[in-house]
Amino acid sequence: MLDPRIPLGPLINKWSACQQQLKLSSPADRRKFKIVVIGAGLSGAAFSANLAGLGYTVKTYCLQDSARRSQAASAKCGIISAQSYSSDVNDGVQEFFGDTIKAGDYRSREANVYRLTEISESIIDLCVAQGVPFERDDHGCLLRQHPVASQTNGNLFAGDDTGRHILTGAYSSLMKEVKKGNAELFTRHEMMDLVVKEGVVKGVVLRDLISGKIFSQRADAVILASGGYANIFYDSTNAGTNNASAVFRSHKRGAFFAHPCFIQMHPTCVAQYAVGGLWVDYNLMSNIPGLFVIGEANFADHGANRLGSNSILQCLADGNFIAPLTVADYLARCTPGDEVIINLPVFKEAEAHATQNINRLLHINGKRHVDDFHRQLGDLLWEKCGLIRGGEKLREALEIIPQIREEFWGNVKLAENDNHLNQSLEKAGRLADFMEFAELIVFDAINRAESCGCHVREESQNESQEGLRNDEKYSYVAAWEFNGMGKDPSLHKEPLLYENI
Ligand SMILES: Cc1cc2nc3c(=O)[nH]c(=O)nc-3n(C[C@H](O)[C@H](O)[C@H](O)COP(=O)(O)OP(=O)(O)OC[C@H]3O[C@@H](n4cnc5c(N)ncnc54)[C@H](O)[C@@H]3O)c2cc1C
């Protein structure tokens, strides 16, 4: 049974009780710990700045040429919060908590959601302090608009550029630490693999996307802040670099994947947000000690669907207020690793595996372009595992995906066959992961024979064709364990209890 490590006691005291138990290393010891952060979007930049500010050695990697180009830059609607200046007594933490649980269709953890709504007030203060120009009314108070699905709490916005302003705040904090020499930011680098020895994280394998060099980085803790995977559907509102590679490669090294089939759909095209992600406990640590997952990359707060404008909030909560404390606590209970461990066979094998995959892709020289395969996979997922799903169609998808994958590995054509800066090669590598990950999404959808979140299950509808949720059978987090390609994953269940709503 999975242990989410939720503190005992009343809901409203859980986070404060947890914080009282958290340890912190002495300032003199902190520099000895090396922390690797994958992703410099909202959650990754915020986390890196905080941990570097506490005195730890932080190395942060991202795909783009600037961290300012990550997903949050396109977030336009705003950020929701329990903070209120109005006299509406219904605007508050309890109401926001209720809205979020209901939007997630009762498939999220009460304790995590309550913590998110509790922290939301501090997050708005932080954003204001960082210079986010939220709209204000004639009295100078923050202006709130009410999104669909939220009965009470309104969201705050800065024109139609909210995400970009908030990202600039997190980015500026990170760059301040970089300038002070406390953090290092490496752009145009891709995580190729996670290195785990005796069940504990030891580091990562990376590729410099400009030179093509593959190398290892030792770490006492690895934090995945690599964003969501909704781009798997091809027609998506996500940035082109949005991918599943970092989380899926970690999954193949032992990290459990929770709720992969839950994806938020947008009215304009396939979806906007991956609600599923790597399984984490209350401290945002995966089932692999030392591997933490924050922001959209984890599954933790949204259940089966996301309340509008709650995503930026979660990224900032994870990156500023939760993970810096819980990662510091984990480190305070460890001994710093030694640099020489990157010579161990486990690192060399992971480097060789990454090199082999790159060389394989470079030498296929087939006839079909990477985007062509991506569109085929996306169309298939939309048709068989999109908004409307049925057992038969899902089982058909499980038959077809391996066929597409097989053709991909024999017939993909890259725009150029160069092992230096080569975006076609990068895309092919990420699509190769999507091709495997797609099976896990379908597997999870087959298992969940209920209508839930924004997905309608054909076998689970009433006479008026309204979706029926099945709490008796499916009120649990479905966390999947990888057993090897071609083998069925194992299902681990974390029961979900609702005692406060
Ligand atoms: C069109 C659109 C509008 C949205 N509007 C809103 C809104 O109004 N309100 C709201 O709350 N949310 C909104 N969202 C969702 C929100 O923007 C995202 O959920 C949020 O920005 C995710 O932040 P993140 O830090 O988790 O990841 P991201 O910002 O996606 O950052 C991921 C980082 O990981 C790096 N990375 C990924 N893979 C690798 C790898 N293998 N190796 C190295 N680095 C890697 C990337 O380079 C990047 O730096 C919107 C999303 C979209 C698509």
Those helices (runs of 4 or more DSSP H) lying entirely in segment 254-370 with at least 2 residues of a type in the set (Phe, Trp, Tyr) and within 24 Å of Ser48 (Cβ to Cβ)
none
Ser460 - would you say it is more than 22 Å from the chain's Cα centre (by Cα), among the small types (Gly, Ala, Ser) and not assigned by TED's automatic domain parsing to the domain that holds Gly98?
yes
List pairs: first in segment 100-114 and over 16 Å from Gly295 (Cα atoms), second surrounded by fewer than 21 Cβ atoms within 10 Å (Cβ to Cβ), Cβ under 6 Å, 6+ apart or cross-chain?
Ile101/Ile501; Ala103/Ala149; Glu110/Asn500; Ala111/Ile6; Ala111/Lys14; Tyr114/Leu11
Of the conditions (1) modelled with pLDDT of 95 or more; (2) farther than 21 Å from Val128 by Cβ; (3) not small (Gly, Ala, Ser), Asp3 satisfies every one except a single condition; which number is it?
(1)
In the set Gly386, Gly378, Gly366, Gly337, which member is closer than 30 Å to Met265 by Cα and either within 16 Å of the ligand (Cβ to nearest atom) or more than 25 Å from the chain's Cα centre (by Cα) (or both)?
Gly378
Exactly one of Leu63, Leu116 is of a type in the set (A, V, I, L, M, F, W, C), crowded, with 20+ Cβ neighbours inside 10 Å and either part of a loop (DSSP other than H, G, I, E, B) or away from the ligand (no atom under 15 Å from the Cβ) (or both), and that residue is Leu63
From the options Glu416, Glu399, Glu407, residue that is over 30 Å from Ser211 (Cβ atoms) and without any contact (Cβ under 8 Å) to a residue 12 or more places away in the chain
Glu399
Looking at segment 411-434, which of its residues are more than 16 Å from the ligand (Cβ to nearest atom) and either of a type outside the set (Ser, Thr, Tyr) or crowded, with 22+ Cβ neighbours inside 10 Å (or both)?
Asn411, Val412, Lys413, Leu414, Ala415, Glu416, Asn417, Asp418, Asn419, His420
Helices (runs of 4 or more DSSP H) contained in segment 13-57 and holding at least 3 residues more than 16 Å from the ligand (Cβ to nearest atom) and buried (at least 18 other Cβ atoms within 10 Å of the Cβ):
14-21
Quick check on segment 46-65. Is at least one of its residues at positive phi and in the same structural domain as Asp301 (by TED's automatic domain parsing)?
yes
Asn243: passes all of (1) under 19 Å from Val36 (Cβ atoms); (2) buried (at least 21 other Cβ atoms within 10 Å of the Cβ); (3) more than 10 Å from the ligand (Cβ to nearest atom) but (3)
Here are some conditions: (1) of a type outside the set (A, V, I, L, M, F, W, C); (2) out of contact with any Gly (no Cβ under 7 Å at 6 or more places or on another chain); (3) at pLDDT 95 or above; (4) farther than 30 Å from Pro27 by Cβ. Pro324 meets all but one. Which one does it not meet?
(4)
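Residue by residue, here is whether (1) out of contact with any Pro (no Cβ under 7 Å at 6 or more places or on another chain); (2) crowded, with 21+ Cβ neighbours inside 10 Å; (3) on the phi > 0 side of the Ramachandran plot holds:
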residue: Val205; (1), (2), (3): yes, yes, no
residue: Phe215; (1), (2), (3): yes, no, no
residue: Pro260; (1), (2), (3): yes, yes, no
residue: Asp281; (1), (2), (3): no, no, no
In this structure, is Ala82 free of Cβ contacts under 8 Å to residues at least 12 places away in the same chain and farther than 30 Å from Leu206 by Cβ?
no
When every residue in segment 76-86 that is buried (at least 24 other Cβ atoms within 10 Å of the Cβ) and within 8 Å of the ligand (Cβ to nearest atom) is compared, the one farthest from Gly159 (Cα to Cα) is Ile80
Lone qualifier among Ala478, Ala445, Ala432, Ala428 - being modelled with pLDDT of 95 or more and not in a helix (DSSP H, G or I):
Ala478
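If only one of Leu313, Leu284 is touching a helix residue (DSSP H, G or I) at 6+ places or on another chain (Cβ under 9 Å) and free of Cβ contacts under 8 Å to residues at least 60 places away in the same chain, which one is it?
Numbers: Leu313 fails: free of Cβ contacts under 8 Å to residues at least 60 places away in the same chain.
None of the other options fit; the residue is Leu284.
The values are calculated or read from the model by the stated rules, or taken from the named source; none is laboratory data. Bear in mind the structure is a predicted one, so any value in this text is a computation, not a measurement. Reconstructed Cβ throughout: ideal geometry from the backbone, glycine too, with neighbour counts over all protein chains shown.
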